[in-house]
Amino acid sequence: MTVPQRPGSPGPDGGGPRPLAGLLVVGLEQVVSAPIATRHLADMGARVVKVENPRGGDFARHYDGAQAGMAAHFVWVNRGKESLSLNLADPRGAAVLERLLSRADVLIQNLAPGAASRRGLDAEHACARHPRLIAVDISGYGEGGPLSHKRAYDLLVQAEAGSCAVTGEPGRPAKAGIPLADLGVGMYALTSVLAALYARAATGRGSAISVSMFDVVAEWMGYPLNFTMGTGIEQDPAGVGSPAVAPYGAYVTADGQTAVLGTTNDGEWQRLARSVLGRPDLADDPAFAGNADRVRERSHLDEVISAWAKGVTLKEAQEILDAAGLGNARLNGVQDVLDHPHLAARGRWRDVTTPTGVVRALLPPPVAAEWSPPMDAVPALGEHTDAVLAELGYEPAEIEAWRNDGVI
């Protein structure tokens, strides 16, 4: 028998079936990196079965109670999934997972180093048993290096791969406020799965894929790595700015707000100097002619722009900058983003059901005319266990016995 798939019903906005309808995805996942990948697959219509330990489940469930009693991380990356509780240390639980994998299209796992391979659930072994399966191992450091055995969390990988050193202020490195390493590796897992699905349509065979957080952050360090490789200079971090471009940064306005503005080419610099700052002398000065020149003179230009910003309100500053065709933004806090009129005007919020109540959630970034994401519920731990086991052919009495034995 096969596991019934969720139908590709049209979403509330789009009119057609979702592109991944009919696919079964299994997630052996914790916290953010694998769950964000599988959640996006669910957003595209795939059926995602999240396998959790009956004793507590994904430990991100218990980080806090910020969202109607549920953890903010968990609500964010786990909507639209089914929760199957299985004790994989018990042979009966392991057999259930194997039966599920025999029907699955995709497996994504981010278990602790060595945990998946000890159970034969790493991508290589899973694909050997199930040749049509697309399996992705998400790890901290990948295989074959001196750090491969280490546990890896977002902060640790950001520190190890250098992103903390290029964030913050000179002498004060900082972690990016969002989990950059977790999200990055999840997105590479997602795109790899989509590419492998495309290849499987032609070859009939799946793929064994591995992606490491360290490799992702090292890849995203492309600009600072190339700059230092070519010059021997390690640039200082520039706070709310960029070591690569000037002027480019945050400036306090007369009403205590913060305008973020800058230039990315010489033409924009000319408009900023002449039309906004009223300083044709700066525009004509060869000391500021090219971007490299302006980077060297960053502190002087920041003083000039700061003095201008202190003489106008944020609204006035943005009107002037818009009229000059220059990019600008307001430095917002988290509550400002929650209340942001741009999100409201574009209808980006939806209500999502959780085991403890209804919460707001943002639609995923891709907008398709033909389909829309389901925005289905966040599951309770083990909520779908009985239903999935029944689909796999297990009898009610057997399921109840397993529950009593702690298998599920």
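None of the figures in this text is laboratory data; all of them are computed from the coordinates on show. Note that the structure is a prediction, hence the values are computed from the model and not measured. Cβ: placed from backbone, ideal geometry, glycine included. Neighbour counts: every protein chain shown.
Quick notes
- Loop-located GluC sites (Glu not before Pro) in region 92-198, at most 16 other Cβ atoms within 10 Å (DSSP): Glu143
- Net charge of neighbours whose Cβ lies under 12 Å from the Cβ of Pro379, counting Lys and Arg as +1 and Asp and Glu as -1: 0
- DSSP bridge pairs, the chain: antiparallel proportion in percent, nearest 5: 40
- Maximal additional length on extending the Glu391-Glu169 stretch stands at 74.4 nm, based on 0.36 nm per residue less the C-alpha distance.
- Summed residue charge, Cβ within 13 Å of Pro170's Cβ, Lys/Arg positive, Asp/Glu negative: -1
- Rounded to whole Å, sorted largest first: equivalent-ellipsoid semi-axes of region 248-330, Cα gyration tensor: 20, 13, 11
- Whole-angstrom Cα spans of the chain along principal axes, big to small: 84, 48, 43
- Sorted by Cβ density within 10 Å, fewest first, the residues Met70, Met187, Met229, Met213: Met229, Met187, Met70, Met213
- Among Leu147, Leu86, the order by Cβ neighbours within 10 angstrom, fewest to most, reads Leu147, Leu86.
- Listed residues Val304, Pro17, Ala292: farthest to the positive end of the dipole of the chain (Cβ charges): Pro17
- Here, region 221-281 has an Rg and a Dmax of 14.6, 43 Å when only alpha carbons are counted.
- Gain on full extension, evaluated as 0.36 nm per residue between Ala112 and Ala254 minus their Cα-Cα distance, stands at 46.0 nm.
- Positive-end extreme of charge dipole, the chain - chosen from Gly222, His149, Asn87 (charges on Cβ): Asn87
- His300-Ala344 FRET efficiency (beta carbon distance; Förster radius 35 Å; 0.05 resolution): 0.30
- For region 248-330, a simple Cβ point-charge model (Lys and Arg +1, Asp and Glu -1, everything else neutral) yields a dipole of about 160 debye relative to the Cα centre.
- For region 248-330, the relative contact order comes to 45 percent (Cα pairs under 8 Å, sequence separation of at least 6).
- Mean Cβ neighbour count within 10 Å, used as a protection proxy, ranking 306-312, 381-387 highest first: 381-387, 306-312
- For the chain, the longest principal axis of the Cα atoms and the long axis of helix 180-203 meet at an angle of about 60 degrees.
- Between Asp266 and Arg55, the contour length at 0.36 nm per residue exceeds the alpha carbon distance by 70.0 nm.
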